[in-house]
Amino acid sequence: MADQSAGAAASAKGQGQQQEGLSNLLHEERRYPPSAEFSAQANAQADLYERAAADRVGFWEEQARALTWAEPWTQALDWQPPFAKWFVGGKLNVAYNCVDRHVEAGHGDQVAIHWEGEPGDTRTITYADLQREVCKTANALTELGVGKGDRVAIYLPMIPEAVFAMLACARLGAPHSVVFGGFSADALASRIDDADAKAVITADGGYRRGNPSALKPAVDDAVARTSTVEKVLVVRRTGQEVAWTEGRDVWWHDVVDRQPDTHDYEAHDSEHPLYILYTSGTTAKPKGILHTTGGYLTQVAYTHRYVFDLKPDSDVYWCSADIGWVTGHSYIVYGPLANRATQVMYEGTPDTPHKGRLWEIAQKYGVTILYTAPTLIRTMMKWGEDIPAQYDLSRIRVLGSVGEPINPEAWVWYRKNVGGDRAPIVDTWWQTETGGLMISPLPGVTTLKPGSAQRPLPGISAEVVDDRGNPVPNGGGGYLVLNEPWPSMLRGIWGDDKRYQETYWSRFPGVYFAGDGAKKDEDGDIWLLGRVDDVMNVSGHRISTTEVESALVSHPAVAEAAVVGATDPTTGQGIVAFVILRGNVAEDRASGDEIVQELRRHVAKEIGPIARPRQILVVPELPKTRSGKIMRRLLRDVAEQRAVGDVTTLADSTVMDLISSKLPSAS
Ligand code: WTA
């Protein structure tokens, strides 16, 4: 039901957004051809596109051969729409591919991870170290009763143990479900519950903005509300006091450190579940996106090698995402390690203890490839270009962007102030569901256009279609769809095949509906224009309007709530909520600021601080159509301080005046 009304709202909202997007982007005419010097050394050459087009599945088989398989596949692709199996019959171990094989090939002394803690402590982890740590962790998990097929929730800060834990799970064939450390106990509980997790791996806490921030209390709270968790494995990171449940809780240093540092791995089926990662959809309940083994690793390794032009012997790669998001899974853990990258991993926030921290780290380790998000770039723009100018960033040679459309001004700033006016920028479009990069320029091949992700990668097929599912001509706008299966595609929503079909494969039968608006320019290049459904994108994080609304109405003072994503110069979108308070809330309380602050805190507690509304407006009514559907388009006009659009379909057209008249007093 909720999905249906969201679908109906999608076209109105999508078109509104696209009109704006189209007119802004039509004027962008700057072009950045690759330098001859870069092209000469690039991993990617133009013929990749032709090779992939000539034999798409064969091309993917060629990419899969870059991995080490214990048993070869017998069928490259089994496609029973919308269910795909890749490299059927093949067997491999992901952890072996990401770690052991590099050590066997003589690269044990190569640094895998330069880890930097927020307080300034550091750890250097070579591939040989990583192999020992992953083996010990796998042995420890086995001792704790975790076996192949069991689900393990991971709720950790950005510390190396997060990587050890993920790879140990992969080694055992125990699918992990990483939950972002910024999510609340509630969010953790619902994810533990949905996947029936048997164990949780966490820490006492992590460092954020100069202070230890606790994680264990949220785990205690979440586990108490669920029934499947038998063991909680706890890393001591901050040394803060923690409550302890005897028999259930075990310290990492007690159990992992004493394990043997070798471990015989089993090769898993190519379609064995590797992980579940929850993401927001158009309903209040997050979806458990399921990824499997062989196809996933093939695509993340392939895209990482070509799109970032990785040279494992000389590059220092840094992806600034958190491990709790898909970017951390695919482009900190699986892709880079499968490719034997040396990488930087940083625990903390970019402005702790000062606003040059990221550049200081980049200089210290000689970072050559940097992958980050537009929201961070815009924040850096606000802080000023004199900050990156204080550091030596001359080794940087490739820059990446992910998570939301990057506006051309931020793109150009990034190139000039971080990339020395020379490093190509790859604007990579993809999703939790796609597992790996899908649409992106190839550095050394593509003439770059600021603000455009440009072309589907070799082996990927995408289209922009109109309302009826027909491809739009060049110059037209519509919805982004993916019209051929790809190796790292989601294999479903955990435990809910019906929802998988309905969410992605029913808007346009037979093709994958991404939920993004897009435009094709005169050259056929793709420009992404943002979500066309009720999913907001705040600092590159997906949050559903419905999820925030249901958090708000769970507060006893709230009768009704409507949430919209309003354009925000730094975070892309900001969450703006309109609430109607219950009749029993006293007038003086209802008009005060206190209730607004209380509701903001309430949402942060229910979902996590990333979902805390930027603004909450207490209103007497919400704009509804005659059939009772809330017209978010009008609320967005208010939130973005525009003249309110067409109100003729409202059941009561005076409502918008009532809302507008409330605005000056609202917070
Ligand atoms: C948006 C993050 C424009 C898009 C990897 C998508 C982008 C959603 C880009 C997925 C980009 C991601 N240009 N929009 N380069 N990259 N998006 O699942 O709306 O957290 O649907 O995956 O982010 O977000 P998710």
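Residue-wise test of (1) of a type in the set (A, V, I, L, M, F, W, C); (2) in a loop (DSSP other than H, G, I, E, B).
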{"position": "Glu409", "(1), (2)": "no, no"}
{"position": "Gly419", "(1), (2)": "no, yes"}
{"position": "Gln431", "(1), (2)": "no, yes"}
{"position": "Leu437", "(1), (2)": "yes, yes"}
{"position": "Leu442", "(1), (2)": "yes, yes"}
{"position": "Val445", "(1), (2)": "yes, yes"}
{"position": "Pro458", "(1), (2)": "no, yes"}
{"position": "Glu463", "(1), (2)": "no, no"}
{"position": "Asp467", "(1), (2)": "no, yes"}
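I'd like to verify a number: residues in segment 276-311 that are assigned to a helix (DSSP H, G or I) and among the hydroxyl-bearing types (Ser, Thr, Tyr), how many?
Step one: of segment 276-311, the residues assigned to a helix (DSSP H, G or I) are 294-307.
With among the hydroxyl-bearing types (Ser, Thr, Tyr) added as a condition, the list becomes 296, 298, 302-303, 306.
Residues flagged as assigned to a helix (DSSP H, G or I) and among the hydroxyl-bearing types (Ser, Thr, Tyr) within segment 276-311 amount to 5.
Of the residues Val579, Val558, only one is away from the ligand (no atom under 16 Å from the Cβ), crowded, with 24+ Cβ neighbours inside 10 Å and either over 19 Å from Thr282 (Cβ atoms) or modelled with pLDDT under 90 (or both); which?
Details: Val558 fails: crowded, with 24+ Cβ neighbours inside 10 Å.
Of Val579, Val558, the one residue that is away from the ligand (no atom under 16 Å from the Cβ), crowded, with 24+ Cβ neighbours inside 10 Å and either over 19 Å from Thr282 (Cβ atoms) or modelled with pLDDT under 90 (or both) is Val579.
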Can we say Arg531 is basic (Lys, Arg), touching a Ser or Thr at 6+ places or on another chain (Cβ under 8 Å) and within 14 Å of the ligand (Cβ to nearest atom)? no
Restricting attention to segment 534-554, and to residues there that are small (Gly, Ala, Ser) and more than 10 Å from the ligand (Cβ to nearest atom), which single residue is farthest from the chain's Cα centre (by Cα)? Ser554
Cβ-Cβ below 8 Å, separation at least six or inter-chain, first residue in segment 445-460 and closer than 18 Å to Asn43 by Cβ, second acidic (Asp, Glu) and more than 12 Å from the ligand (Cβ to nearest atom): which pairs? Gln454/Asp525; Arg455/Asp525; Ile460/Glu484
Expected output for segment 314-339 (first residue of a type in the set (D, E, K, R), partner within 12 Å of the ligand (Cβ to nearest atom) and assigned to a loop (DSSP other than H, G, I, E, B), Cβ below 9 Å, 6+ apart or cross-chain) is Asp322/Phe180
List the residue pairs whose Cβ atoms are under 7 Å apart, where the first residue sits in segment 205-230 and is over 16 Å from Gly182 (Cβ atoms), the second is in a helix (DSSP H, G or I) and among the charged types (D, E, K, R), and the two are 6 or more positions apart or on different chains. Thr226/Asp193
Which of (1) over 18 Å from Met489 (Cα atoms); (2) of a type outside the set (Gly, Ala, Ser); (3) crowded, with 21+ Cβ neighbours inside 10 Å; (4) within 16 Å of the ligand (Cβ to nearest atom) does Val326 not meet, given it meets every other one? (1)
Lys416 fails exactly one of (1) surrounded by fewer than 22 Cβ atoms within 10 Å (Cβ to Cβ); (2) free of Cβ contacts under 8 Å to residues at least 60 places away in the same chain; (3) within 16 Å of the ligand (Cβ to nearest atom), namely (3)
Would you check if there is a residue in segment 365-372 being buried (at least 19 other Cβ atoms within 10 Å of the Cβ), in contact with a Ser or Thr (Cβ under 6 Å, 6 or more places away or on another chain) and not in a helix (DSSP H, G or I)? yes
So in segment 425-448, with the set limited to residues that are over 23 Å from Ala36 (Cα atoms) and within 7 Å of the ligand (Cβ to nearest atom), which one is surrounded by the most Cβ atoms within 10 Å (Cβ to Cβ)? Trp429
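The values are calculated or read from the model by the stated rules, or taken from the named source; none is laboratory data. Here the structure is a predicted model, which is why all the values come from computation and not from measurement. Please note: Cβ atoms are built from the backbone with ideal geometry, for glycine as well, and neighbour counts cover all protein chains shown.
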